[in-house]
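One structure, as structure tokens, below. Some questions next.
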Amino acid sequence: LAALRERLEGRAQDSAEVIAGRLREAESEIAHYPEYDYLVVNDSFEHALADLRCIFRALRLREPLQSVRLERELRALLP
């Protein structure tokens, strides 16, 4: 939250009220972290982007999508 406050204040684009609201919203979102399947921390853009790419790839490889995409190949492998 301190880093977020620093970034928002450093941009000098928002009022103190807007910044306070953004911080409250961020704190509320952080409090709900157990509800999410994935946690990506954006402390390094390159690492966060790589993590997001991994998540998207993993989602595309889930069985329901893959079984449709590979139906013919899977049928050929099974007796």
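Just how large is the dipole of the chain about the Cα centre, in debye to the nearest 20, putting +1 at every Lys and Arg Cβ and -1 at every Asp and Glu Cβ?
In total the dipole reaches around 520 debye.
Leaving ligands, DNA and RNA out of it, report the carbon-plus-sulfur percent of the accessible area of the chain at a 1.4 Å probe.
Reported share for carbon and sulfur atoms: 57 percent.
Name the residue farthest towards the positive end of the dipole of the chain from the options Ala50, Leu78, Leu8, assuming +1 on Cβ of Lys and Arg, -1 on Cβ of Asp and Glu, about the Cα centre.
Farthest along the dipole direction, towards plus: Leu78.
Two-decimal Rg/Rh of the chain from alpha-carbon positions, Kirkwood Rh?
Ratio of gyration radius to Kirkwood radius for the chain: 1.26.
The values are calculated or read from the model by the stated rules, or taken from the named source; none is laboratory data. Being a predicted model, the structure only gives us computed values, none of them experimental. So basically every Cβ, Gly included, is an ideal-geometry build from the backbone, and we count neighbours across all protein chains shown. All accessible areas refer to the heavy atoms of the entire protein, side chains included, with ligands and DNA or RNA removed. Shrake-Rupley method; radii C 1.70, N 1.55, O 1.52, S 1.80 Å.
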